[in-house]
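The values are calculated or read from the model by the stated rules, or taken from the named source; none is laboratory data. Keep in mind that what you see is a predicted model, and the values were worked out from it rather than measured. So basically every Cβ, Gly included, is an ideal-geometry build from the backbone, and we count neighbours across all protein chains shown.
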Amino acid sequence: MSNQIRPEGDIEGMFDSIARSYDFLNHFLSFGTDRCWRRTAIRMAGKLLKPSSVLDVATGTGDFAIDALKLNPLKVTGIDISERMLELGREKLRRKKITGRIELLKGDSLAIPFADGSFDLVMSAFGVRNFSDLYMGIREMTRVARRNGIVLVLEFSRPGNRIFRWLYEVYFYKILPFIGRRVSGHKSAYKYLPVSVGSFPEREKFAELLQSTGLSEVKHRSLSGGIAVIYTGIKK
C-alpha cells in the first residue's frame, strides 16, 4: 500500500523556498486555529502515556516539538527534510532558550535514522500527506515507536457537512492559494496544499492504513467540523 504524492526532492525544495513565511502563513491562513489543534493533539497524547522520549516527524520549524514539552519528556527530537526549515526552527529554540530540550535534525521520513523502538511517542502534524510514500512513512514511524508506544498524526481533512465543505473548499482552493502565493512568493506551494489534502485518505481509510503498519486501537477525532483530524494508534 503506497500513496505516491510527489518526489521527495521537490518537497524539500518547495519547503526550503517558503520557510521564511511558513509560520506566519500557517497561523494567518488558519486564523490561529492550527495552534489549538496542536495543543489538543498533545493533550490527547498525554492522556494515553507519559513519554520520556518524543520524535516529531516532518517537524518543520519545530512548533509541534515545542508543544510536546508540555508532556515533560526527557528529550524531544524533530526531523525534517528541509534544512532551511530546521535552521529557522533552531533560531526559534534559541530565542525561547530551550535548545537543550529539543534537537532538530535533518532526516528522511522514509528512512528515519533511529533504531527500532527508540521513542515512546512518535508524532507528526500536517506532514505525513507530504510523504512520497505514505505507507512506508507511517511504517517507519511505527518502527521507531517502542512497544506500547503511541503513533499520533494530526492532518487536514474535509468537513462532512455539505454547506461547510463548500465554504471550506472555496477558501481552500481559491482564497488560500492566492494569499499564500502573494506572501511567500512561491507560485505553486499553496496551490499544492489543497491538492495534497484532497488526495489524502479520508478518516476510515487512513485509520486502516495505520492498522496495516502494525498499530492497534486506532482512533480518530475530528476538529473544527472536520477540517483537521487527530489519529492515534498503539504499537503492540
Members of the stretch 85-111 that are among the acidic types (D, E) and either in contact with a helix residue (DSSP H, G or I) (Cβ under 9 Å, 6 or more places away or on another chain) or under 28 Å from I138 (Cβ atoms) (or both)
E87, E103, D108
Does V57 satisfy the condition of being crowded, with 24+ Cβ neighbours inside 10 Å and within 21 Å of L210 (Cα to Cα)?
yes
Using beta carbons and a limit of 8 Å, which pairs, at least six apart or on different chains, have the first residue in the stretch 102-119 and closer than 19 Å to L88 by Cα and of a type in the set (A, V, I, L, M, F, W, C) and the second one assigned to a loop (DSSP other than H, G, I, E, B) and at pLDDT 95 or above?
I102/G62; L104/T59; L104/G62; L105/P113
In contact with a strand residue (DSSP E or B) (Cβ under 8 Å, 6 or more places away or on another chain), of a type outside the set (S, T, Y) and at negative phi: does that describe D67?
no
Could you please find all residues in the stretch 64-108 being of a type in the set (G, A, S) and in contact with a Ser or Thr (Cβ under 8 Å, 6 or more places away or on another chain)?
A65, G78, G89
Kindly provide the set of residues from the stretch 29-53 that are β-branched (V, I, T) and under 14 Å from the mean Cα position of the chain (by Cα), ordered by number.
T40, I42
Index of the failed condition, H186 passing every other in (1) under 20 Å from the mean Cα position of the chain (by Cα); (2) modelled with pLDDT under 75:
(1)
Residue list for the stretch 203-236, restricted to those being within 16 Å of the chain's Cα centre (by Cα), under 15 Å from S124 (Cβ atoms), among the hydrophobic types (A, V, I, L, M, F, W, C) and not in a helix (DSSP H, G or I):
A228, V229, I230
